[in-house]
Every structure is written in structure tokens, then in C-alpha cells.
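Enquirer: Once you've had a glance at the structure underneath, I'll fire off some questions.
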Amino acid sequence: MELDMAADELKAALNRLRRAQGQLAGVIKMIEDGRDCEDVVTQLAAVSRALDRAGFAIIATGLQHCLTEETQQAGDRERLRARLEKLFLSLA
């Protein structure tokens, strides 16, 4: 499934991904510096949440686009629903 989405609709997701990228770099540095395990895990959990939220935002945007296309046939809608459900579950 191709999710053609405008850049402005994905801006929040891209910002989350950039933030997660920075957080992940921080986690790597923390490990390299021998920081406390609890601090590392806390920051790693924050990275994971940021990635999950970005993924859900991307899927939700794609879902919105797919549902607004009036040209979808009944069979196509069912296949689309199954693929979107698989995407959601892949983030669970």
C-alpha cells in the first residue's frame, strides 16, 4: 500500500522522528559514558514512545487518506482494512 501524504500532514510525525533520533543519540552516548542503567532504560523508553507515536501518526494519516477516496471498491476496502490493521499491530 502506498500512502501518498503531503509533507505538511506528516510534519508532526517527522518532528517526532527527529526528536527520537536525537534521544537515541543521547542513549548511545550514555552507554558509551557508562551512565547508570536506570537512566539509560528511562531514555530508551522515551525513544520507543516517540517512535510509536510517529508510527501511529503516519498510519492515521494514511488511514484518513484511504477512507476519503471514494473510488475504493468494496474488495479494495477490505484489503486496505486488513493491511492497515497489520500496520497498527506491527507497532503493538
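The values are calculated or read from the model by the stated rules, or taken from the named source; none is laboratory data. Being a predicted model, the structure only gives us computed values, none of them experimental. Positions of Cβ are generated from backbone atoms using ideal geometry, with glycine treated the same way; all protein chains shown enter the neighbour counts. In case anyone asks, the SASA skips ligands and DNA or RNA and just uses the protein heavy atoms, side chains included. Shrake-Rupley method; radii C 1.70, N 1.55, O 1.52, S 1.80 Å.
Enquirer: Express in Å², to the nearest 10, the accessible area of Glu38 obtained by rolling a 1.4 Å probe over the protein heavy atoms while all chains stay in place.
Expert: Its heavy atoms expose roughly 130 Å² to the probe.
Enquirer: Cβ under 15 Å from Met30's Cβ, Met30 left aside: what net charge do those residues give with Lys, Arg +1 and Asp, Glu -1?
Expert: My count for the surroundings of Met30 gives -3.
Enquirer: Length gain on complete extension for the stretch Arg83 to Gln21, per 0.36 nm per residue less the alpha carbon to alpha carbon distance? Walk me through the numbers on the way to the answer.
Expert: Working: separation 62, 0.36 × 62 = 22.32 nm, distance 2.70 nm.
Here the answer is 19.6 nm.
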